[in-house]
1. Which FRET efficiency value, to the nearest 0.05, is calculated for residue 167 and residue 29 with the Förster distance at 30 angstrom and r the Cβ-Cβ distance?
2. Sum -39500 (n - 2.57) across every DSSP H segment of at least 4 residues in the chain, then divide by the residue count to get the 222 nm mean residue ellipticity, nearest 500.
3. For 29, 118, what's the fewest-to-most ordering of other Cβ within 10 Å of each Cβ?
4. Once fully extended, how much extra length lies between residue 51 and residue 9, figured as 0.36 nm per residue of separation less the alpha-carbon to alpha-carbon distance?
5. I need the peptides 40-49, 96-105 ranked by packing, meaning the mean over residues of other C-beta atoms within 10 angstrom, with the highest value on top.
6. Would you please state which residues of segment 152-169 a label at residue 112 would reach in this model, taking the label point 7 Å out along Cα→Cβ and a backbone N cut-off of under 15 Å?
7. Which shape class, rounded, prolate or oblate, goes with segment 51-180 when its Cα gyration tensor gives a ≥ b ≥ c as root eigenvalues, a/c under 1.5 marks rounded, and past that a/b bigger than b/c marks prolate?
8. Please compute the contact order of the chain in relative form: average sequence separation of alpha-carbon pairs under 8 Å and at least six residues apart, divided by the residue count, as a percent.
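Just so it is clear, none of the values below were taken in a lab; they were calculated from the coordinates. Here the structure is a predicted model, which means the values were calculated and not measured. Don't worry about glycine lacking a Cβ; one is built from the backbone with ideal geometry, like all the others, and counts go over all protein chains shown.
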Ligand code: AR6
């Protein structure tokens, strides 16, 4: 789908292979790596990413849920990585959806500040952190759409939702199709 000058689409695959200006990692507050997509990004991107994460933590402390920071992409095809910390799902009792929306909003703001043109999101919080995939997909797409409606002079021309698992991919395909 398209909102003004920005194309929104989904892709089935591994985000470490995606060649957008920036990819968005589903990190944890320590910013020091972990499993899932975080592990894959640090493994493929190499030690420069962790070096920069460490410096950020030394400077400003650990990263709160909903916030985001940017580092080099190291050896990845993407130039940069935005590390954002999604909420752990606790049955919707802890304002998780708003926290997840904040991850998308803050990541877009950081990309915009750097004048980037393309961004790929992983499906934040839908793995280890247990967020229901359909609810997460709807919130993500709605928040991203809202951002572009409210930011008509954006530098971002392309947004890709990269889904490793088929369930997330089908959810995004349907959501994007139904909004065309
Ligand atoms: N490319 C694209 N998507 C991926 C990849 C990949 N290479 N690998 C996994 N996914 P998760 P979370 C998808 O658990 O739920 C980490 O240990 C996966 O299918 O990576 O936010 C962090 O350090 C799922 O849909 O992130 C944190 O401690 C999605 O990425 C914690 O897990 C998110 O799954 C964060 O948990």
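1. Values: r = 26 Å, r/R0 = 0.88.
FRET efficiency, residue 167 to residue 29: 0.70.
2. Working: 5 runs with 73 residues, N = 180.
Calculated at 222 nm, the ellipticity per residue is -13000 deg cm²/dmol.
3. Values: 29 13, 118 21.
Listing 29, 118 from fewest to most nearby Cβ atoms yields 29, 118.
4. Details: separation 42, 0.36 × 42 = 15.12 nm, distance 3.18 nm.
Length gained between residue 51 and residue 9: 11.9 nm.
5. Values: 40-49: 18.0, 96-105: 21.4.
Ranking the peptides 40-49, 96-105 by packing returns 96-105, 40-49.
6. Under 15 Å, as judged by backbone N against the label point of residue 112, lie 152-159 of segment 152-169.
7. Details: a/c = 1.57, a/b = 1.18, b/c = 1.33.
Verdict is oblate for segment 51-180.
8. On the way: 355 pairs, mean separation 57.6, N = 180.
RCO, the chain: 32 percent.
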